[in-house]
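These notes are about the structure you will find just below.
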Amino acid sequence: SQTIHQWPATLVQPVGSPLSLECTVEGTSNPNLYWYRQAAGRGLQLLFYSVGIGQISSEVPQNLSASRPQDRQFILSSKKLLLSDSGFYLCAWRERGRIMNTEAFFGQGTRLTVV
Amino acid sequence: AQTVTQSQPEMSVQEAETVTLSCTYDTSENNYYLFWYKQPPSRQMILVIRQEAYKQQNATENRFSVNFQKAAKSFSLKISDSQLGDTAMYFCAPQSIQGAQKLVFGQGTRLTINP
């Protein structure tokens, strides 16, 4: 069966510090991968998605970047965090072959607080 | 660009009542799928129900059903005999061929079931 791991669960970082959130998927290959941010009590904002190794599409210009160094690994990074980067970050995956009708599976999320 | 509108930021009903959450979307596609996800207080995203746009019959999953109006681009979720465990954020997510690589959500409806 497929599983998705996302860590850390909680993170408190000072303004100006770097960020690295990691997401890995097990039990599947060639997944589509997604990073979302959710502000408190708000909707899911798609940040990045990837359809393959090294292929990253950015939805919102901002202080963050994403990388996919391996097929089932998706990393969200920042060189210098801003207060506005605080939020709940979710990683998700979906099967590549049947995009339309397949559901997405989500990690447990990372609550990031920038202080 | 695909847009999704959930016009009810918050709703509250008594246990055992029926509640309907609305969702409208904009797409030029003729064939697509629609999903409803829930995010309980644990913040784990869970698929509730999916609908195929080419099917006229509305999808049902136990107490959950949809009212799909293709011409109106409307996809509402009905929860019958609501339970305390239905308390969650609910997100609508249409999925079309053109936007097949993305997964975009509405802003969500926060549903509270009161005892």
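Here A:Glu103 fulfils each of the conditions (1) more than 12 Å from chain B (Cβ to nearest Cβ); (2) open to solvent by less than 80 Å² (accessible area, probe 1.4 Å); (3) over 12 Å from the mean Cα position of the chain (by Cα) apart from (1).
Tell me whether segment B:32-50 contains one or more residues that are within 25 Å of B:Ala71 (Cα to Cα) and more than 12 Å from the chain's Cα centre (by Cα).
Going residue by residue through segment B:32-50, those that are within 25 Å of B:Ala71 (Cα to Cα) are B:32-37, B:47-50.
Those still in the list that are more than 12 Å from the chain's Cα centre (by Cα) too: B:32.
Yes, segment B:32-50 contains a residue that is within 25 Å of B:Ala71 (Cα to Cα) and more than 12 Å from the chain's Cα centre (by Cα).
Evaluated against (1) touching a residue at least 24 places away in the same chain (Cβ under 8 Å); (2) assigned to a strand (DSSP E or B); (3) within 18 Å of A:Pro31 (Cα to Cα), A:Ile56 falls short on exactly one condition, (1). Filtered by the rule that a residue be among the acidic types (Asp, Glu) and open to solvent by less than 70 Å² (accessible area, probe 1.4 Å), segment A:16-42 gives a lone residue, A:Glu22.
Taking the listed residues A:Gln13, A:Gln45, A:Gln55, the one that is out of contact with any His (no Cβ under 6 Å at 6 or more places or on another chain), over 24 Å from B:Trp36 (Cα atoms) and open to solvent by 50 Å² or more (accessible area, probe 1.4 Å) is A:Gln55, with no other qualifying.
When the residues of segment B:33-48 are filtered to those that are outside any strand (DSSP E or B) and at the interface with another protein chain (Cβ under 10 Å from one of its Cβ atoms), the one that is least open to solvent (accessible area, probe 1.4 Å) is B:Met45.
Between A:Leu112, A:Leu76, the distinction of being at pLDDT 95 or above, touching a strand residue (DSSP E or B) at 6+ places or on another chain (Cβ under 9 Å), more than 24 Å from B:Cys92 (Cα to Cα) and away from every other protein chain (no Cβ under 14 Å) belongs to A:Leu76 only.
In segment A:3-59, what residues are among the aromatic types (Phe, Trp, Tyr) and within 22 Å of B:Lys102 (Cα to Cα)?
Quick first cut of segment A:3-59, residues among the aromatic types (Phe, Trp, Tyr) only: A:7, A:34-36, A:48-49.
Hits for segment A:3-59 are A:Tyr34, A:Trp35, A:Tyr36, A:Phe48, A:Tyr49.
Considering each of B:Asn62, B:Asn67 in turn, give the residue that is away from chain A (no Cβ under 12 Å), open to solvent by 40 Å² or more (accessible area, probe 1.4 Å) and free of Cβ contacts under 8 Å to residues at least 12 places away in the same chain. Checking each option against the conditions leaves just B:Asn62.
The values are calculated or read from the model by the stated rules, or taken from the named source; none is laboratory data. All values derive from a computational prediction rather than experimental measurement. For neighbour counting, all protein chains shown are included, and Cβ atoms are generated from backbone atoms with ideal geometry for every residue, glycine included. Surface areas here come from the heavy atoms of the whole protein model, side chains and all, with no ligands, DNA or RNA. Shrake-Rupley method; radii C 1.70, N 1.55, O 1.52, S 1.80 Å.
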